[in-house]
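Written below as structure tokens is the structure these notes are about.
The values are calculated or read from the model by the stated rules, or taken from the named source; none is laboratory data. Keep in mind that what you see is a predicted model, and the values were worked out from it rather than measured. All Cβ positions, even for glycine, are placed from backbone atoms using ideal geometry, and neighbour counts span all protein chains on display. Side chains included, ligands, DNA and RNA excluded: accessible areas come from the protein's heavy atoms. Shrake-Rupley method; radii C 1.70, N 1.55, O 1.52, S 1.80 Å.
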Amino acid sequence: MTRAQNVYRIVNCRSCSARVIWTVTNPELKSGHPMMVDADPHPNGNILLARDPSIAHKPGEPVPVRATVMRPGQIAGARADGNVLYRSHFATCPHADQWRKGNAARHAKKGGRR
């Protein structure tokens, strides 16, 4: 088994039922936000996952997962170091258009969310 594989909490996307992992991008910045990634590593992936205890979380809850989107020049090095890379679920979900900015507000009013 390669490093990082099968160590994250996997849930199902509420739109398409695919297996996904909730992550946080850039938690130290105001731009940090939740992001779903496909649960299985992918040969064309560009997202590196790592548990990050520095991200604020409630005691007793799992340590959040930090997602780092790798630049093209970083991907080969990450793989050479033994890391597996993942894909954004937003890029692969067949229902992603329903969740684009503007559409999410309509779903929230209906009580739906991924």
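Residues in segment 45-92 average 58 Å² of solvent-accessible surface per residue, probe 1.4 Å, ligands and nucleic acids excluded.
Here the calculated FRET efficiency for residue 51 and residue 100, from their Cβ-Cβ distance with R0 = 22 Å, stands at 0.15, rounded to the nearest 0.05. Working from the Cα coordinates of segment 20-100, the gyration tensor eigenvalues give, after taking √(5λ), semi-axes of 20, 18, 12 Å in decreasing order. Mean sequence separation of contacting Cα pairs (under 8 Å, at least six apart), scaled by the length of segment 7-86, corresponds to a relative contact order of 29 percent. Scalar couplings 3J(HN,Hα) for segment 11-22, obtained by applying the Karplus form with A = 6.51, B = -1.76, C = 1.60 to θ = phi - 60°, are 10, 10, 4, 6, 8, 10, 6, 5, 6, 9, 10, 7 Hz; x denotes Gly and Pro.
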